[in-house]
Amino acid sequence: MMRNKSTLFYKLGSYVLILFALVHTLSFFNDPAELLTDEESKKVWQLIDTHTFEIQGWAFTVRGMLTGFSLYLEAFALGLGVLNLFIVKYHAGNASSLRAMAAVNLGIIGVVLIITAIFFHLPPLVFFGLAWIFFLTSFMMTRKANT
């Protein structure tokens, strides 16, 4: 019984990561400049959008780099969520494997949470925080099932 609940929480953590990636995709369908109201912010956004700089022969705009980092985060969350679903599908019966993978997720998502808290805004913090709580619950329940 306890093992089934730990597997459920592991899956929920995985689904939250996948949901974050899907929700994050919505940000690519609107223009953030439309939300800006003051002229100074609009000027800064125009520079972010158009100013090009060169690094080791490669030309970038700040917006291009931000978009790239955003896509990295999305691919990371989607990949980790899908990978976790495969892990739980093939290792749900092995409590020690599931506990070890929950611990790995706690470490990885913990680092992402710290970075998110320092550099980003609330929505990714909520999603990654929720996933971390689900993996922590899975880890704790699996541990109790083995003792």
- Query: Is it the case that the range 3-23 has a residue that's at pLDDT 95 or above, surrounded by 13 or more Cβ atoms within 10 Å (Cβ to Cβ) and of a type in the set (Lys, Arg)?
  - Reply: yes
- Item | Matching residues, the range 29-67, being under 25 Å from the mean Cα position of the chain (by Cα) and loosely packed, with under 11 Cβ neighbours inside 10 Å | PHE29, ASN30, ASP31, LEU35
- Restricting attention to the range 4-38, report how many residues are acidic (Asp, Glu) and over 19 Å from GLY68 (Cβ atoms). 2
- Query: Of the residues that make up the range 27-37, is at least one within 20 Å of PHE139 (Cα to Cα) and either assigned to a helix (DSSP H, G or I) or at pLDDT 90 or above (or both)?
  - Reply: no
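Touching a Gly at 6+ places or on another chain (Cβ under 8 Å) and touching a residue at least 60 places away in the same chain (Cβ under 8 Å) - does that describe any residue in the range 21-43?
Filtering the range 21-43 down to residues touching a Gly at 6+ places or on another chain (Cβ under 8 Å) leaves 21.
Now narrow it down to the ones that are touching a residue at least 60 places away in the same chain (Cβ under 8 Å): 21.
Yes, the range 21-43 contains at least one residue that is touching a Gly at 6+ places or on another chain (Cβ under 8 Å) and touching a residue at least 60 places away in the same chain (Cβ under 8 Å).
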- Hey, GLY79 modelled with pLDDT of 95 or more, among the small types (Gly, Ala, Ser), farther than 19 Å from LEU22 by Cβ and out of contact with any helix residue (DSSP H, G or I) (no Cβ under 7 Å at 6 or more places or on another chain) or not: no
- Restricting attention to the range 82-89, does a residue exist that is at pLDDT below 95 and either among the hydroxyl-bearing types (Ser, Thr, Tyr) or in contact with a Pro (Cβ under 6 Å, 6 or more places away or on another chain) (or both)? no
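Considering every residue within the range 55-74, establish whether at least one is in contact with a strand residue (DSSP E or B) (Cβ under 7 Å, 6 or more places away or on another chain) and either assigned to a helix (DSSP H, G or I) or not β-branched (Val, Ile, Thr) (or both). It would help to see each step written out before you state the result.
Applying the first criterion (in contact with a strand residue (DSSP E or B) (Cβ under 7 Å, 6 or more places away or on another chain)) to the range 55-74 yields 59-61.
If we keep only those that are either assigned to a helix (DSSP H, G or I) or not β-branched (Val, Ile, Thr) (or both) as well, we get 59-60.
Within the range 55-74 (the criterion being in contact with a strand residue (DSSP E or B) (Cβ under 7 Å, 6 or more places away or on another chain) and either assigned to a helix (DSSP H, G or I) or not β-branched (Val, Ile, Thr) (or both)), the answer is yes, since at least one residue qualifies.
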- Of those in the range 86-99 that are surrounded by 15 or more Cβ atoms within 10 Å (Cβ to Cβ) and part of a helix (DSSP H, G or I), the residue farthest from the chain's Cα centre (by Cα) is ALA95
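Report yes if some residue within the range 11-20 is in contact (Cβ under 8 Å) with a residue 12 or more places away in the chain, closer than 26 Å to MET140 by Cβ and among the basic types (Lys, Arg); otherwise report no. Quick ask: steps written out before the conclusion?
Our first condition is that a residue be in contact (Cβ under 8 Å) with a residue 12 or more places away in the chain; within the range 11-20, this holds for 11-20.
Okay, now just the ones that are also closer than 26 Å to MET140 by Cβ, so 11-20.
With the extra rule that they be among the basic types (Lys, Arg), the set shrinks to 11.
Looking through the range 11-20, at least one residue is in contact (Cβ under 8 Å) with a residue 12 or more places away in the chain, closer than 26 Å to MET140 by Cβ and among the basic types (Lys, Arg).
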- Query: Is it the case that the range 69-79 has a residue that's of a type in the set (Asp, Glu) and either surrounded by 14 or more Cβ atoms within 10 Å (Cβ to Cβ) or closer than 27 Å to LEU122 by Cα (or both)?
  - Reply: yes
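The values are calculated or read from the model by the stated rules, or taken from the named source; none is laboratory data. Given the structure is predicted, the values throughout are model-derived calculations rather than measurements. So basically every Cβ, Gly included, is an ideal-geometry build from the backbone, and we count neighbours across all protein chains shown.
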